[in-house]
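Laboratory data are not the source of any read-out in this text; all were calculated from the coordinates shown. What you are looking at is a predicted structure, and each value in this text was computed from that prediction instead of being measured. When we count neighbours, we look across all protein chains shown, and the Cβ atoms used for this are built from the backbone with ideal geometry, even at glycine.
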Amino acid sequence: MSVNSHLINFLSILILFFISTELVFAQDIIEVGGEGDTCLEDIQCFNRIHSDIPMTAFAKPGQTILFHTRDAQDVLGIVDSQTDTMKKPGDDWSFGRVHPITGPVYIEGAKAGDVLAFTISKIKPGRYAYTSTSGFAQDLMGPGKLTVSWNLNESYAVSEDLPGVKIPNASFPGVVTTLPNRKKLVEMLDREQALFEAGGDVYVPMTDKASPASICGPLGSGRDECLRTIPPREHGGNMDIRYLKVGVTIYLPCYIDGCGLAVGDLHFAQGDGEVSGTAIEMSADIWGVADIIKNGPDLRQGPHFSGASSLLDIPSTKFYAVTGFPIKVAGSVPPRLKYLQSAKVADLTNLSNDINLAARNALDGIIDYIVATYGYNKLQAYVIASVAVDLRIGQLVDTPNVGVTAILPLDIFEDK
């Protein structure tokens with residue numbers, strides 16, 4: 001046999017090897033979500049939390065799961081459907097659509113009482129994103145609102161609405177969750193209803209644009225029992241922790257057999273606090289692997305996560321920080337405390353150990369710094385703070401003045 005014949009045979013074997021490897025790899029991936037233009041048209045998508053939501057996919061432990069996710073307002077479409085023209089969120093979007101979540105996935109062999117370990121292996125951003133102003137401290141911004149449209153690539157987000165700003169890719173899922181059982185669902189419903197009746201800031205069940213409609217819609221079997229996806233809870237949910245990036249493992253409680261793993265609300269980048277109510281909101285494809293842990297960590301207070309310490313760093317060589325303490329003007333009542341109707345709060349100029357007020361003051365200071373130093377208006381600075389500024393607790397022990405710092409990475413400004 002000639003040398004050429006040996007070479008041809010070798011190449012043929014090599015090609016067959018790669019083809020078979022690709023086929024095995026493709027068969028080992030479970031794809032979830034992506035049908036239809038919106039979550040309401042996708043059987044593998046939901047936007048409420050209820051114990052009766054059926055599983056829509058099945059995966060073995062260690063098997064790669066690809067979630068085709070939708071943006072928080074469900075307006076951009078999945079990654080593969082995006083064209084050269086961005087579908088911008090308008091003023092007519094329905095709050096009932098927030099947040100579309102892809103799943104739930106039944107993890108074979110998982111039993112109630114187990115811990116589910118979900119490790120993120122890859123995130124592919126969509127082409128576009130947006131950031132809107134509302135959220136934590138809208139009252140500090142004055143009248144008006146702003147929605148920033150972003151163009152995304154694998155490295156950065158840029159926007160004509162914020163010239164001179166380039167935000168590095170730090171993609172992560174805002175929502176990672178399992179499903180509660182009936183007992184846990186009732187417990188969460190009861191405590192949130194009690195807080196609502198006391199005047200607290202709570203999102204109670206809402207049937208408009210709810211999915212699955214057969215359970216959570218206006219005529220659904222559990223229409224008064226479907227939890228909103230806005231707050232995180234013990235099952236996970238909308239945690240909005242920017243450190244849940246590629247390489248991180250998230251530990252979630254299994255309340256039911258199969259756990260009901262679901263993912264959504266992908267962010268291209270976010271500062272700690274997500275202060276305007278939104279980050280850089282995008283659709284994305286996210287790959288991950290689920291494993292089962294018997295006798296795992298105690299997750300009664302909420303999920304745990306682990307990963308390389310390098311993921312905790314700010315994406316910048318330099319920063320500027322502002323401190324905040326629970327100090328206020330006499331006669332004023334912080335918005336989050338108005339429901340208590342306390343005359344004491346209004347009269348005091350210093351609230352004991354109030355981390356929320358300390359965070360507001362730190363945020364107010366860093367926004368003033370951005371406006372004065374870089375020339376943006378307050379609404380623009382608010383968006384920058386939401387997508388890039390980290391609000392970090394400095395200390396909780398120096399009573400009455402707990403401390404929060406607002407950390408601004410300076411490398412995001414192209415013209416320094």
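Before moving on, here are some points about what is shown:
- Here the extension length gained between V329 and E160 equals 57.1 nm, from 0.36 nm per residue of separation less the Cα-Cα distance.
- For the peptides 28-37, 61-70, 239-248, the ranking by packing is 61-70, 239-248, 28-37, with the highest mean count of neighbouring Cβ atoms within 10 Å listed first.
- Neighbourhood net charge (12 Å Cβ-Cβ; Lys/Arg +1, Asp/Glu -1) for L337: +3
- Per-residue packing, averaged as other Cβ atoms within 10 Å, sorts the ranges 134-144, 278-288 into the order 278-288, 134-144, beginning with the highest.
- From least to most packed, judged by other beta carbons within 10 angstrom and beginning with the fewest, S94, S309, S386 follow the order S309, S94, S386.
- Mean Cα-pair separation over length for the chain, i.e. relative contact order, pairs under 8 Å, 6 or more apart, %: 21
- Stretchable slack from S352 to T85, in nm (0.36 nm times residue separation minus alpha-carbon distance): 91.1 nm
- Taking 7 Å steps out from each Cα toward its Cβ at A308 and N295 produces label points 3.2 nm apart.
- Other residues with beta-carbon under 14 Å from the beta-carbon of Y243 carry, at +1 per Lys or Arg and -1 per Asp or Glu, a net charge of -2.
- Most to least packed among 193-202, 40-49, 100-109 [average Cβ atoms within 10 Å]: 100-109, 40-49, 193-202
- Spin-label model, T317 to F95: label points 7 Å out along the Cα-to-beta-carbon direction sit 4.5 nm apart.
- The range 27-82: C-alpha gyration tensor shape, a/c 1.5 cut-off, then a/b vs b/c: oblate
- Taking 29 Å as the limit for the C-alpha separation, the pairs K111/K209; K145/K183; K338/K378; K183/K338 exceed it in the case of K111/K209; K145/K183; K183/K338.
- Here T64 and A372 are evaluated by their C-beta separation; at R0 = 60 Å the FRET efficiency comes out at 0.80.
- In range of the label at L195: residues from the range 268-302 whose backbone nitrogen is under 16 Å from the point 7 Å along Cα→Cβ: 301-302
- Cβ-derived FRET efficiency at R0 22 Å, M206 paired with E35, nearest 0.05: 0.35
- Ignoring lysines fewer than eight residues from K124 along the same chain, the ones with Cα atoms less than 16 angstrom from its Cα are K245.
- Computed over the chain, the per-residue total of -39500 (n - 2.57) for DSSP H runs of n ≥ 4 gives a 222 nm mean residue ellipticity of -6000 deg cm²/dmol, rounded to 500.
- Between V186 and N153, full extension at 0.36 nm per residue minus the direct alpha carbon distance yields a gain of 7.6 nm.
- Extent along principal axes [Cα atoms of the chain; Å; largest to smallest]: 94, 54, 43
- Computed from backbone phi, the HN-Hα couplings of the range 271-282 come to x, 4, x, 6, 5, 8, x, 9, 9, 7, 7, 9 Hz, rounded to whole numbers (Karplus: 6.51 cos²θ - 1.76 cosθ + 1.60, θ = phi - 60°; Gly and Pro given as x).
- On Cα atoms only, tilt of 378-388 relative to the major axis of the chain in degrees: 40
- The H on the amide N of R48, modeled in the peptide plane, is under 5 Å from the matching H of S211, each at least 5 residues off or on a different chain.
- Nearest-20 debye value, the chain charge dipole, Cβ charges on Lys, Arg, Asp, Glu: 620
- Where N is the number of residues in the range 48-151, Cα Rg divided by 2.2 N^0.38 Å: 1.38
- Volume of the Cα convex hull of the range 319-412, divided per residue and given in Å³: 98
- Reachable aspartates and glutamates from K88, criterion Cα separation under 12 angstrom, eight or more residues apart if same chain: D71, D74, E281
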